[in-house]
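Some notes on the structure that comes next.
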Amino acid sequence: MLDAATRARDFPALAGIVYLNTAAEGIPPPAVGEGLGQYFRDKQLGMDGRLRHAAVHAEARRLAAELIGLETDDVAICSCSSEAFNLASLALGLRDGDEVVVTDLDFPSSVTPFLQDGCPATVKVWRSRQGSLLNDDLVALLSPRTRLVSLPLVSFYNGFRADVPAVAEIVHRHSPALLAVDVTQGLGRIPLDRDSGALAGADLIVSSTHKWLLGPHGGGIVGVPPTRRDAWTVPAGGWFNIHDAFGADRFERAESLLGAASFAVGMPNYPALYAIHGALEYLSGVGVAAIDRRATPLVAECLAGLRALGVDLLSPTDPAQLVGILAFLHPRADALHRFLHDRKIHVMHHAGRLRVALHGYNTEADVATFLREFATALATV
């Protein structure tokens, strides 16, 4: 992933293209496909395959736990981050008068569960300024009625990176609220393990698996610190998440397991788990810190190039507030996107916004080609 030889071996699909859209879809290494194949072989064993399924499931949870600084028992893998946030809403048991704080840099999955008609809480929006969330603005939104603050570690919209420990200190000092952190746009790209301290103070950690983790769809990583197990116990039906689901009193009561385990409400998605395991094992072997060292200078180089071209940046201009995503507006965004795509340069386009995302498999040549062709597009489209 980090040099020409391993890039050609592990990501042959990148030959001849410039792929700068990992924030939407990561390119999986061969280990992901091998995982899917192994699932099929194990599935052919019938019930005997269940033991192998369970072993892969446990190992995937262990690897995910290492990435976010928790123990295996504190991590579950559900079907997607949207499911995780809906279950989190259920766990909170929100009532009239309760308040939830979200940000205008959040992805819809961490906001919309609290905007449904069936949710009685009042939603407050922590709004960004010039692409950044200012912590002083959060203080004014907190009250004794605040039950949850939802925060993206890295914004899908413009790449802004939040300071989770600083936000957690404010949340816990000024309210009884819990802090939920969506790490989808950072997990696998920057170190978030225990040594990094990047997630200190987070009460719930959620991530998708098909972006920077380079895994498949059908997975949502949920992390609950052991001190918050009671707060995040989901009262959902199922069996995998239920204590003694087949006991003698199973028609009289249902008791959810505590913490992260309560988010795994049904039969595990074993095909996705095998593939997720392959992706996590691959990233563990490469090392997320090494990926960060590789990609960070590329982000700074791309940011400098975009600023020199005079685009209307949505991203913060301070590289310290960025991870892998750069975004900007342009009135001819659609035409610019088509121009780049015709030249096999893949970026994201939505509603006048163009977004570039740089991972460990990107190169200096990718950045140079993008900036050169984008400059040409600006002059000719």
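Numerical summary
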| read-out | value |
| --- | --- |
| Filter result (acidic (Asp, Glu) and either under 14 Å from residue 102 (Cβ atoms) or crowded, with 22+ Cβ neighbours inside 10 Å (or both)) within the stretch 124-164 | 137 |
| Matching residues, the stretch 202-249, being touching a residue at least 40 places away in the same chain (Cβ under 8 Å) and outside any loop (DSSP other than H, G, I, E, B) | 204, 205, 206, 207, 208, 220, 221, 222, 223, 226, 228 |
| Residues within the stretch 256-295 that are farther than 26 Å from residue 78 by Cα and without any contact (Cβ under 8 Å) to a residue 12 or more places away in the chain, tallied | 1 |
| Residue that is assigned by TED's automatic domain parsing to the domain that holds residue 369, modelled with pLDDT of 95 or more and either surrounded by 18 or more Cβ atoms within 10 Å (Cβ to Cβ) or farther than 27 Å from residue 259 by Cβ (or both), where the choices are 85, 11, 114 | 11 |
| Filter result (in contact with a Gly (Cβ under 8 Å, 6 or more places away or on another chain) and not in a loop (DSSP other than H, G, I, E, B)) within the stretch 129-160 | 154, 160 |
| Test set (1) surrounded by fewer than 20 Cβ atoms within 10 Å (Cβ to Cβ); (2) part of a loop (DSSP other than H, G, I, E, B) - residue 52 fails condition number | (2) |
| Qualifying residue in the stretch 36-47 (condition: among the hydrophobic types (A, V, I, L, M, F, W, C) and either crowded, with 22+ Cβ neighbours inside 10 Å or not assigned by TED's automatic domain parsing to the domain that holds residue 155 (or both)) | no |
| Filter result (among the hydroxyl-bearing types (Ser, Thr, Tyr) and assigned to a helix (DSSP H, G or I)) within the stretch 336-378 | 369, 376 |
| Top-ranked residue of the stretch 263-289 - restricted to ones that are in a loop (DSSP other than H, G, I, E, B) and not small (Gly, Ala, Ser), ranked as nearest to residue 242 (Cα to Cα) | 265 |
| Single unsatisfied condition, residue 72 versus (1) within 24 Å of residue 189 (Cβ to Cβ); (2) in contact (Cβ under 8 Å) with a residue 24 or more places away in the chain | (2) |
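The values are calculated or read from the model by the stated rules, or taken from the named source; none is laboratory data. Please read these numbers as outputs of a predicted model, since none were measured by experiment. Because the Cβ atoms are built from the backbone with ideal geometry, glycine has one as well, and the counts that use them run over all protein chains shown.
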